[in-house]
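Below you'll find the structure, written out as structure tokens, and then a few comments.
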Amino acid sequence: MIENELEYFEYIKRLGVGKNDIVSSSPKSYISYLNSVSKILNHDINRSLITSKKDILNIINQMKGKRAKSTLLNYKTALNQYLGYLKNEI
């Protein structure tokens, strides 16, 4: 589960993530990536899990060998966007 999923989705849309997508929606993909991370870690994606870029690197390191490198890069991007959302949350 992603804490404040709808707000996060709206945040990345406001940033312009996916504005040029033709085939699929990048914001929806980011939600999917975070849900996958949540499932792998068996932990909700929330502000207690992600407080810094160091936390993101630790999360990615925990998943090394469990997913392809390209998938981990997608997860990392989505996690970084979520951290940005948390830092800019009003």
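So here's what we get for this one:
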item: Net dipole in debye of the stretch 1-84 [+1 Lys, Arg Cβ; -1 Asp, Glu Cβ; about Cα centre; nearest 20]; result: 420
item: Computed lengthening from MET63 to HIS43, 0.36 nm per intervening residue step minus Cα-Cα distance; result: 5.9 nm
item: Accessible area of ILE59 in the full protein assembly, 1.4 Å probe (Å², nearest 10); result: 0
item: Inter-label distance for SER52 and LEU73, nm, one decimal - labels placed 7 Å from Cα along Cα-to-Cβ; result: 2.7
item: Partner lysines for LYS13 [C-alpha distance under 22 Å; skip if fewer than 8 residues away on the same chain]; result: LYS28, LYS53, LYS76, LYS87
item: Mean residue ellipticity (222 nm) of the chain, computed from DSSP H runs ≥ 4 via -39,500 (n - 2.57), nearest 500; result: -20500 deg cm²/dmol
item: Farthest positive-ward along the stretch 33-76 dipole, Cα basis, beta-carbon charges - from ASN42, SER70, ILE60; result: SER70
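The values are calculated or read from the model by the stated rules, or taken from the named source; none is laboratory data. This is a predicted model, so every value here is computed, not measured. With ideal geometry, Cβ positions are generated from the backbone for all residues, glycine too; neighbour counts draw on all protein chains shown. Just so you know, the surface numbers come from the protein's heavy atoms only, side chains and all, with ligands and any DNA or RNA stripped out. Shrake-Rupley method; radii C 1.70, N 1.55, O 1.52, S 1.80 Å.
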